[in-house]
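Q: Pasting a structure below so you can have a look.
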Amino acid sequence: MTDHNVIRVLLADDHPVVREGLCAMLESAEGITVVGQAGSGEEAVALASHLTPDIVLLDLRMGGMDGVDATGHILHASPRSKVVIVTTYESDADILRAVEAGAAGYLLKGSSRMELINAVQAAARGETVLTPSLASKLFRARAVETPPLSDREIEVLRLVSQGLTNAEIGRKLFIGEATVKTHLLRAYRKLDVSDRTAAVITALERGLLS
């Protein structure tokens, strides 16, 4: 395998023993090399900016800047890098914070050597990495985070997806055009979007219009 194909990894954890263990597991795999190690979030950001690694394996809880904050700074300093959180913590809120900060994945430190290697390889391919036991937690956290759309809001969005204007939707549902607009604006807020197209796309992605 040529150097061009080698996955370059930066490790960030405030426990040297953990870093050495992760390093040993990764270096045992063909096509993966550890290019740097950081003991804090701040150091991880600095090294990522300098080394531009393919993957940053980042501890969630460190002294000073935590993993979530470091994720945002790392992605700003090295946009092509992918961040995978590796931690002992698995609360719904922690997972959601990490993913929303731009992390490409979330692994537990109890993951096996092959799970770790597979995760690094998957992240390098642009895939989202999530320890299987955490998938349901992320789904539950997102469900709590996003207020549900009302039946009427879904009905309005379904008609929007069919290309109807606000006036046409109002006539079809026997409501005023201003009321249609109100339903749309409420749906925008709940879906965290700002226009009709984005609302429909997001609702489709979440299976709300099926």
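What follows draws every value from the coordinates through simple rules; no lab data is involved. Quick caveat, the model's predicted, so the values are computed rather than measured. Counting neighbours? That spans all protein chains shown, and the Cβs are built from the backbone with ideal geometry, glycine included.
Q: Ignoring everything except DSSP H segments at least 4 long, calculate the 222 nm mean residue ellipticity for the chain; use -39,500 (n - 2.57) per segment, divide by total residues, nearest 500. Walk me through the numbers before you get to the answer.
A: Numbers: 10 runs with 113 residues, N = 210.
After summing the helix terms and dividing by residue count, I get -16500 deg cm²/dmol.
Q: List the pair-distance distribution P(r) of the range 151-205, using every Cα-Cα distance, as the percent of pairs falling in each 10 Å bin from 0 up to the bin containing the longest distance, rounded to whole percents.
A: 28, 61, 12
Q: Also: Looking at the square roots a ≥ b ≥ c of the eigenvalues of the Cα gyration tensor of the range 26-76, which shape do they give, rounded for a/c under 1.5, prolate if a/b is larger than b/c, or oblate?
A: Working: a/c = 2.22, a/b = 1.68, b/c = 1.32.
Prolate.
Q: From Cα pairs below 8 angstrom and at least 6 apart in sequence, can you work out the relative contact order of the range 151-205, rounded to a whole percent?
A: Values: 40 pairs, mean separation 18.7, N = 55.
That works out to 34 percent.
Q: Another one. Of the trypsin sites (Lys or Arg not before Pro) in the range 1-88, which ones lie in a loop per DSSP and count no more than 12 other C-beta atoms within 10 Å? Mind showing how you got there, number by number?
A: Values: sites: Arg8, Arg19, Arg61, Arg80, Lys82; in loops: Arg61, Arg80.
Listed in order of number, the matching sites are Arg80.
Q: Mean separation of Cα pairs under 8 Å and 6+ residues apart, divided by the residue count of the chain: what relative contact order is that in percent?
A: So the answer I get is 13 percent.
Q: With angles folded into 0 to 90 degrees, how steeply does helix 132-145 sit against the dominant principal axis of the chain? Use alpha carbons for both and round to 10.
A: That works out to roughly 40 degrees.
Q: Could you tell me which of rounded, prolate or oblate describes the range 23-123, using a ≥ b ≥ c as the square roots of the eigenvalues of the alpha-carbon gyration tensor, with rounded for a/c under 1.5 and, failing that, prolate when a/b is larger than b/c and oblate otherwise? Before the final figure, lay out the partial values.
A: Details: a/c = 1.57, a/b = 1.11, b/c = 1.42.
Since a/c reaches 1.5 but b/c is at least a/b, the shape of the range 23-123 is classed as oblate.
Q: Would you please put 191-201, 100-110 in order of how densely packed they are, using the mean number of other Cβ atoms within 10 angstrom per residue and starting with the highest?
A: Values: 191-201: 15.3, 100-110: 19.2.
Peptide ranking by packing, descending: 100-110, 191-201.
Q: Let me ask you something else. Kirkwood hydrodynamic radius (Cα pairs, Å) of the chain? Numbers along the way, then the final one.
A: Numbers: mean 1/r = 0.0523 Å⁻¹.
Result for the chain, one decimal place: 19.1 Å.
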